[in-house]
Every structure is written in C-alpha cells, then in structure tokens.
1. Could you check T31 against (1) within 25 Å of the chain's Cα centre (by Cα); (2) modelled with pLDDT under 90; (3) exposed (fewer than 11 other Cβ atoms within 10 Å of the Cβ); (4) not basic (K, R) and say which number it fails?
2. Does the range 118-128 contain any residue that is without any contact (Cβ under 8 Å) to a residue 12 or more places away in the chain and over 25 Å from Q51 (Cα atoms)?
3. For the range 144-166, check the following and say yes or no: at least one residue is assigned to a strand (DSSP E or B) and modelled with pLDDT under 90.
4. Which one of these is within 24 Å of V30 (Cα to Cα), at pLDDT 90 or above and part of a helix (DSSP H, G or I): G100, G50, G55, G112?
Amino acid sequence: MKLRHLILTTMLIAALCVPAFAQGDMSLQVTPETIKIDTTYNGTTVKVEGQAPEGSQIVLRIVGEAGELHMKRKDKALGLLWMNMDSLTFHGVPVLYIVGSSKPLDELGAAGKELKAESMLNTIEIEPDTAARPELIDQLIKLKTKERLYQEEAGEVAMGEVKDGMQSFTATLPIPSRLAPGDYKLASIAVKDGQEVAMTEKDLKVELVSTPLFMAKLAFGHGALYGILATIIALVSGLVIGLIFQSKGEAH
C-alpha cells in the first residue's frame, strides 16, 4: 500500500513538473506557403507570424529533408601537396537549416544549444567511420554556412502584444538562392527557462515553375534531347558573348 502511495505521489510530482504549454497553445502562419523557383529566382524571404505562451522566447526553424552527401577529403600527400584523398559519405544531412530567434541562441540555455546547427553532430553519420568525425562535420557545417544553406540568427523575431496569456510574434526569414525543390518544415518553438515548452509546425513547399520545370522534366524524361538542347544553348550563349566583346573592341 505504501509502495502504491509512493508511486502515485511520484507520478503527481512528475505531472506538475511538466510544462503547462502544449502545441495547441501556439499558432503559426507563413507567407507564402509555397516558394516558386522560376528563371529570375535569386533568393527570397518568408513572413512568419503567430502566437506563443506569454513569457517565452521564440525560435523559428526551417529544415529541409535529410539526405546523403558525397565528398572528397583533402589531405597532404607526403606532407607536401594538398590532394583529394578518401571518399566520404555523410548520412542524414539536411539540405537547409535556417534559424531565427527573439534572443540569441546562446542566451536560451540548453534549448538554444540544441537548436544550433552544431547539434547535428549527434545525428549526422559518416561512412567510412573515422575518428575525425567531429572535425569533418564541423567543416561540413562551415561549408553549408558559406553557401547560405545553414544560417543561425538569420532573422530577428519581434515579440508583440500580450492577450489572454498569449503573445504575438512576427519575423521575416531569408531563403537562399541555392534552394532545391521539395518539402520543408517550418517550426515555431517556445523556450522558457532554458527549456522547450511548446512547439508547432507548418509545411513549406518549394517547387519549380516555368522554364526550370520544363528543363527538369526534359532532363529526367528525355535525356538525349536535353543534352542536345543544353549544347545548343551553350553554343548560342558563347556566340552572343563573343559578339558583345567584339562590338566593344570595335567601339574602341
């Protein structure tokens, strides 16, 4: 009987320690919900707004699908020349990782640390296995950051008015030009006292339209025709550039 009473007491204490906020306490909207990549696409932004429990800080995160990435590891041959050495395959690499927050992640305790790109050290696998794994993943993150595909503190989340225990927020997040079509997840995460207390998600789609869509269909469905067309485009482009430089030379 005493044991049962102790178990019930422990469960009650645990329940009281669980944050009172839940996914239902949050709202999230993103505009646009679909990003269209046409011939003029050179990056864009999405507007995010919603509501979160009063007193919490907000972290917005856009994550792309995880996949494989094949790379060559550079090292010095005979201690002299830098050369491509081993082939490496990274598993579980998100194609995009964009984070914006109402406070710097470093000020959000353990939850902020878990939302940094470096947290992927725990999820990305490398084949073949190597003792240099942490260093290689760090270099991968630096490369993706340079390509603007991984961004921390990408946009400041502005906190708004409080009403009925909820606080509104707005943000504008940058979307890079090197963006692959596919399905992405936008998450709104409420953080309080260094802990994640609530979270909700929205789908964000990226799709090809116009000429890029036509070329993609041609490449996958009619490889030979695509190759011929690509060659013609390259030849015409080279001819046009040559004529431009020739006319400039004659002008001088």
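1. Tallying (1) within 25 Å of the chain's Cα centre (by Cα); (2) modelled with pLDDT under 90; (3) exposed (fewer than 11 other Cβ atoms within 10 Å of the Cβ); (4) not basic (K, R), T31 fails exactly one: (2).
2. Here is the first cut: in the range 118-128, the ones without any contact (Cβ under 8 Å) to a residue 12 or more places away in the chain are 119, 122.
Next, only the ones that are over 25 Å from Q51 (Cα atoms) stay: 119, 122.
Within the range 118-128 (the criterion being without any contact (Cβ under 8 Å) to a residue 12 or more places away in the chain and over 25 Å from Q51 (Cα atoms)), the answer is yes, since at least one residue qualifies.
3. Looking only at the range 144-166, we keep the residues that are assigned to a strand (DSSP E or B), and these are 150-151, 156, 158-163, 166.
Subsequent filtering for residues that are modelled with pLDDT under 90 retains 156.
Looking through the range 144-166, at least one residue is assigned to a strand (DSSP E or B) and modelled with pLDDT under 90.
4. After ruling out the rest, the residue left standing is G112.
The values are calculated or read from the model by the stated rules, or taken from the named source; none is laboratory data. What you are looking at is a predicted structure, and each value in this text was computed from that prediction instead of being measured. Ideal geometry is used to build each Cβ from the backbone, glycine not excepted, and the neighbour counts take in all protein chains shown.
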